[in-house]
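Q: Once you've had a glance at the structure underneath, I'll fire off some questions.
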Amino acid sequence: MNNPSDMAPAWLSCPECEAPVRDRPLPKKAELRCTRCGMRVKADRGIHSLQPAWAFATAGLFMALLANVEPIMTFDVAGDTQSNHIVSGVIELAKQGYGPVAALVCFAGVVAPVLHLAAIWYVSSACCLRRRWPGVRRVSAVVEMLEPWNLVPVYAIATVVAVVKLDMMGTVDWKAGALWILVLSLCSLCAAQAFDRELVEERLEVLK
Amino acid sequence: MTDSARLQWAQAMVVTGIVLYIPANVLPVMTMTVVGTVEPLTVLGGVEELYHDGRWPLAAVVFLASIVVPFLKLVSLSWILFMHGKPQWQRQRGSLRRIVHSIGSWSMVDVFLLAILAAVGQLGALAGVKAEPGGFFFAGVLVCSLLAAEFYNPRMIWQTGPA
């Protein structure tokens, strides 16, 4: 299976505008672009393994656990100290009567990143171990769906802004959780980058 | 879902987003209590406060992420939807949609910020942060523009003729 294009159909559908694009074997590092909208249809990105994606997803899942368990920062005003978790913001918003906003924060800050990493983990481990695990294709679609919702990097920026604002009111101290959030955002960015969709398709095709 | 239903949903979402954009920026998103003084803060007010404190790089990030990005997003989505079915500018519309899609989520900074700040709301009368209704509208603008981009499938840019 060195040359998968031997088996692929002669026409591909552009993922963006669905125009038909004639398939051809690609030289190294070359890419095939849609003639209508200019979107990349197929590329030889030089990645021939899903192991990096698997590794980043595994690391990311551990980081997600740590980031949610350890406090991000402690805030101190006149002797009153309070430590802060990702979840405490969600709970506090819900308590103040902003349920929908709390749900949005919970989804984009906790649920979606974990599900996104778990889905990448599931698909890439199935591909790496060459196992025909149930529902791999559906999980692979979930990865695509959840990608714009994995907002941990945005959360990291918000943490920095929050620390600056709180600094005007009292004493703020970074805690380990902030570091885990930073590492988690790097892991999810790398995992999403290393998760090559065409490679997954190719591997799943072989497993079938 | 049929394409014309998708188009209608996308249009409805953009219009809702534009309507919600006004209260989202006029109403305060939170009140900060600092040593007894209660201070309601709008999104822009928060940016101003950062700026006056000398943190202009952060102020710029927040200003871009929570005011400029949602505005540009609504404007470009309206233009893309307005041009639906017309044969001009299709390539440009496609790349604009892609840009909107990739920068759109950055406006979540303010919602996350609200959540982090609200978590310290229990420090008695001396200091605290309370969420205010502006947050609702702000989150509403965000969800509406995300859903509009989701409903309007990129392949629909390439359809010509009446929807």
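Q: With respect to A:Trp133, determine if the residue is outside any helix (DSSP H, G or I) and either surrounded by fewer than 20 Cβ atoms within 10 Å (Cβ to Cβ) or at pLDDT 85 or above (or both).
A: Yes: the conditions hold for A:Trp133.
Q: Which residue, of B:Arg98, B:Arg93, is among the basic types (Lys, Arg), on the phi < 0 side of the Ramachandran plot, crowded, with 20+ Cβ neighbours inside 10 Å and outside any loop (DSSP other than H, G, I, E, B)?
A: B:Arg93
Q: Has the range A:5-19 got at least one residue that is modelled with pLDDT of 85 or more, in contact with a Pro (Cβ under 8 Å, 6 or more places away or on another chain) and either surrounded by 14 or more Cβ atoms within 10 Å (Cβ to Cβ) or under 28 Å from B:Leu142 (Cα atoms) (or both)?
A: no
Q: Check the range A:63-80 and report whether any residue there is surrounded by fewer than 22 Cβ atoms within 10 Å (Cβ to Cβ), at the interface with another protein chain (Cβ under 9 Å from one of its Cβ atoms) and without any contact (Cβ under 8 Å) to a residue 40 or more places away in the chain.
A: Among the residues of the range A:63-80, at least one is surrounded by fewer than 22 Cβ atoms within 10 Å (Cβ to Cβ), at the interface with another protein chain (Cβ under 9 Å from one of its Cβ atoms) and without any contact (Cβ under 8 Å) to a residue 40 or more places away in the chain, which makes the answer yes.
Q: Applying the selection to the range B:69-116, what residues are among the small types (Gly, Ala, Ser), more than 30 Å from A:Asn84 (Cβ to Cβ) and at the interface with another protein chain (Cβ under 8 Å from one of its Cβ atoms)?
A: Matches in the range B:69-116: B:Gly94, B:Ser95.
Q: Looking for whichever is part of a helix (DSSP H, G or I) and surrounded by 22 or more Cβ atoms within 10 Å (Cβ to Cβ) here; the options are A:Ala158, A:Ala178. Which one fits?
A: Of A:Ala158, A:Ala178, the one residue that is part of a helix (DSSP H, G or I) and surrounded by 22 or more Cβ atoms within 10 Å (Cβ to Cβ) is A:Ala158.
Q: Given the condition crowded, with 18+ Cβ neighbours inside 10 Å, charged (D, E, K, R), over 10 Å from the mean Cα position of the chain (by Cα) and assigned by TED's automatic domain parsing to the domain that holds A:Asn84, answer yes or no: does some residue in the range A:138-154 qualify?
A: Checked against the condition, which is being crowded, with 18+ Cβ neighbours inside 10 Å, charged (D, E, K, R), over 10 Å from the mean Cα position of the chain (by Cα) and assigned by TED's automatic domain parsing to the domain that holds A:Asn84, the range A:138-154 yields no hits at all.
Q: To continue, here is another question. Only one of A:Ser88, A:Ser125 is within 30 Å of A:Pro52 (Cα to Cα), modelled with pLDDT of 85 or more and more than 13 Å from the chain's Cα centre (by Cα). Can you tell me which?
A: A:Ser125
The values are calculated or read from the model by the stated rules, or taken from the named source; none is laboratory data. What you are looking at is a predicted structure, and each value in this text was computed from that prediction instead of being measured. Note that we place each Cβ from the backbone using ideal geometry, even for glycine, and neighbour counts take in every protein chain shown.
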